[in-house]
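The values are calculated or read from the model by the stated rules, or taken from the named source; none is laboratory data. Please read all numbers here as calculations on a predicted model, not as lab measurements. Neighbour counts are summed over all protein chains in view; Cβ atoms, including those assigned to glycine, are modelled from backbone coordinates with ideal geometry.
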Amino acid sequence: MHKSLLIDSDILIDHLRKEKKALDFLDAEIEKGSLLFLSIISRTEIYAGIRKGEEEIVSSLFEIITPLNIDTAIADTAGEYLRRFSKSHTLNIGDAVIAATASEMVLSLVTRNVKHYPMKDISVLKPY
């Protein structure tokens, strides 16, 4: 059975910076046939921080990872997360939407920033 993974921005940034652990992780998941997704929020964050000369590698990365748009269910769940966790965990809207995407699409969220995601209804995986 293939895994379905929502890849957080930090993992994608590590990959773009050619960090070996990120490269190895994504290569291994692709080799295993895992289905890779990213929130449209992560796509926005990547484009916001793109460095000169990275346009081609970013485009190549986005060709192998399926973007997921925000719909009403994701927005509603993100709002619920913000109401529950914004004060206790300083949850921001971007992380709330990413977590809500994982929840609504039933995906495991892959991130190094585990503390950003205190929700108990999503599976959070720290890959390295």
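Of all the numbered requirements in (1) in contact with an Asp or Glu (Cβ under 7 Å, 6 or more places away or on another chain); (2) polar (S, T, N, Q); (3) free of Cβ contacts under 8 Å to residues at least 60 places away in the same chain, residue 59 misses one, and that requirement is (1). Considering segment 44-80, the residues that are modelled with pLDDT of 95 or more and in a loop (DSSP other than H, G, I, E, B) include one that is farthest from residue 27 (Cα to Cα), namely 71. Only one entry of 73, 102, 78 meets the criterion of being over 17 Å from residue 12 (Cα atoms), surrounded by 18 or more Cβ atoms within 10 Å (Cβ to Cβ) and out of contact with any His (no Cβ under 8 Å at 6 or more places or on another chain), and that entry is 78.
Picking from residues in segment 105-122 that are under 12 Å from the mean Cα position of the chain (by Cα) and free of Cβ contacts under 8 Å to residues at least 24 places away in the same chain, the one that is surrounded by the most Cβ atoms within 10 Å (Cβ to Cβ) is 117.
Total residues in segment 27-43 satisfying the condition of being under 21 Å from residue 106 (Cβ atoms), assigned to a helix (DSSP H, G or I) and not acidic (Asp, Glu): the figure is 6. Can you tell me which residues in segment 42-70 are more than 16 Å from residue 8 (Cα to Cα) and of a type in the set (S, T, N, Q)? Of everything in segment 42-70, those that are more than 16 Å from residue 8 (Cα to Cα) and of a type in the set (S, T, N, Q) turn out to be 59, 60.
Among residues of segment 1-16 that are among the β-branched types (Val, Ile, Thr), those with a beta-carbon under 6 Å from a residue that is surrounded by 22 or more Cβ atoms within 10 Å (Cβ to Cβ) and in a strand (DSSP E or B) at least six positions away or on a different chain give the pairs 7/38; 7/110; 11/110.
Taking each residue of segment 40-56 that is touching a residue at least 12 places away in the same chain (Cβ under 8 Å) and looking for partners that are assigned to a helix (DSSP H, G or I) and among the aliphatic types (A, V, I, L, M) with beta-carbon atoms closer than 6 Å, six or more apart or interchain, yields 41/97; 41/98; 46/12. Of the numbered criteria (1) surrounded by 12 or more Cβ atoms within 10 Å (Cβ to Cβ); (2) more than 16 Å from residue 12 (Cβ to Cβ), the one residue 39 fails is (2). For segment 81-99, the set of residues classified as within 23 Å of residue 36 (Cα to Cα) and surrounded by 14 or more Cβ atoms within 10 Å (Cβ to Cβ) consists of 94, 95, 96, 97, 98, 99, listed by residue number.
Reported count of residues in segment 81-99, each being in contact with a His (Cβ under 9 Å, 6 or more places away or on another chain) and either part of a helix (DSSP H, G or I) or basic (Lys, Arg) (or both), is 3.
Of all residues in segment 1-17, those satisfying the criterion of being acidic (Asp, Glu) and either touching a Cys at 6+ places or on another chain (Cβ under 6 Å) or buried (at least 18 other Cβ atoms within 10 Å of the Cβ) (or both) are 8, 14.
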